[in-house]
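Let me begin by presenting the structure, written as structure tokens, before commenting on it.
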Amino acid sequence: MTTPQAALFAILLGALLLQALVPSRRVLVVTGGAALACLASTLLGVATTQRLLAEVPWDVLVILVTLGLLSRLFAASRLFDRLAVTATRLSGADPFRVLVVFSVAMYVVSGVVNNLTALVLVLPVLHALLKLMGTRQRYVSWLLGLVLVACNLGGAATPIGDFPAILLLGRGSMTFGDYLARAAPATLCALAALLLVVRVAVRPAAGVPRDPVSARLTRASMVALHRRVRVDRRLLVPSAAALAAMVAAWLFLPAELGVGPELVCWLGAGAALIMARRLGERLARTGLDIEAVLFLLSLFVMVAAVRRTGLFEEVARSLERLPIAPSLQLVVFLVLAGLLTGVFSAGPSMAALLEVAESLAARLPGHAVYVGLALSVCAGSSLFLTAATSGPLAQALTERADLRDVDGRPIRFGFFDFLPAGLLSFSIIQAVAIAYALLALWAAR
């Protein structure tokens, strides 16, 4: 490893480790790391700051910002509040049905809006339901754990659900329709397998009180609590129309026009904000997720500096030189991707690993590599409570809810409470990622 490679890799690795250890300071950590990477890159003759900034995928940032604003419009319409109440009715206050219904609901919602928005809107309703039902610590740990994993799977199911898929779409690694057709069935299989194993082997609902009269009272209470919640059609209709138009453009606009996914997002979200009138203007001014933009911008700068040294190419060549078949090389890469994501979280892992994935995709079918990578990153995001930004948020919201079990003891939802669900989810999703990649390689022969 050359001096520039060692220095810039040390800055990237140090920033990633520190932001994982101190998540409350992660923006300051990565922005400081990006500044150091620019300085080191300039002094070592790798690239100037201007060149590094020119290599930032600004189209990906545009997609993230515009989709975030569109999510805010959907949230303001109160659509997800009504969906949460509907999920409560469908579950019938039965413990296992609550687990299945809310997991599926979060999977669907997270494919359209970001995980944080979905959790902020749905978790309070779920907490209220748990208070009325009467519950146990083990059940709550598995319920909330599976809800978080379902969010991760839903985000990986569509090209607009979460950062890894958005990065593939923005960089042109896969088209919208191709990714959706391949990733959605795989994530559905992973969710179904996870729920089946939980139902047969884990049985978290065992020991939770079940009383038909209590269940009816719980349903009636939840309906009464949310009776005044109404969907604002003035916001929902234009937002839904804009999203439908964006999806149609992604699916059917010919590539020869040069209208990329970032421009489609820009136009679609802009139209929805204009139709929202005053709220649209307010969101355009104050609704931007500056934290996410700064974090990812800094991350892209550090990755660009390391890429300039040729280190990622050397890693890819080392992987290619392993004395095993190309299919097993891909399996090794996917397992490493899942484990690294568990430590560093999805955004940093995907941004760095995509450089190696592009080298593998030059020799292997692209969809096997890219969808397999997205699924592996999803597996890693589900391994630990800290591996995805939605984990600490769910922990904080649950602590504020002051849940108690049927004996009056406080219910927790921390790192070790989530760990059993995380380990099982990681194993199943990682297995699905490997199975998908191997089947795609076999079908391409």
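Charge tally for LEU16 (other residues, Cβ to Cβ under 14 Å; Lys, Arg +1; Asp, Glu -1): +2. Across the range 38-117, the fraction of Cα-Cα pairs farther apart than 21 Å, rounded to a whole number, is 54%. Given a cut-off of 18 Å, what percent of all Cα-Cα pairs of the range 117-172 lie beyond it? Result for the distance tail: 46 percent. Summary of the geometry: the range 89-103 and the range 351-411, compared by the centres of their Cα atoms, lie 23 Å apart.
What does the charge add up to near ALA255, with Lys and Arg as +1, Asp and Glu as -1, over the other residues with Cβ less than 15 Å from its Cβ? That works out to -3. Divided by 2.2 N^0.38 Å, where N counts the residues, the Cα radius of gyration of the range 1-149 comes to 1.48. Note on the chain: the alpha carbon radius of gyration divided by the globular reference 2.2 N^0.38 Å gives 1.00.
Only Lys, Arg, Asp and Glu carry charge here, each on its Cβ (+1 for the first two, -1 for the last two); on that basis the range 304-445 has a dipole of about 260 debye about its Cα centre.
For the range 292-379, the share of alpha carbon pairs falling in successive 5 Å distance bins from zero is 3, 15, 25, 24, 21, 9, 2, 1, 0 percent. Note: the range 245-302, Cα convex hull, 103 Å³ per residue. Spacing of the modelled spin labels on ALA54 and LEU288, each 7 Å from Cα toward Cβ, amounts to 2.4 nm.
Dividing the helix sum by the residues of the chain, where each DSSP H run of 4 or more adds -39500 (n - 2.57), gives a mean residue ellipticity at 222 nm of -25500 deg cm²/dmol. Using a simple spin-label model with pseudo-atoms 7 Å out from Cα toward Cβ, VAL315 and LEU43 lie 2.4 nm apart.
When the P(r) is computed for the range 339-445, the part past 20 Å accounts for 49% of the Cα-Cα pairs. Each Lys and Arg adds +1 at its Cβ and each Asp and Glu adds -1 at its Cβ; summed about the Cα centre, the range 20-86 shows a dipole of about 240 debye.
A simple spin-label model places the labels of ARG203 and ALA241 5.4 nm from each other, with each point 7 Å out along Cα-to-Cβ.
Read-outs: derived from the displayed coordinates by stated rules, not from any lab. These figures come from a predicted structure and were not determined experimentally. Neighbour counts are summed over all protein chains in view; Cβ atoms, including those assigned to glycine, are modelled from backbone coordinates with ideal geometry.
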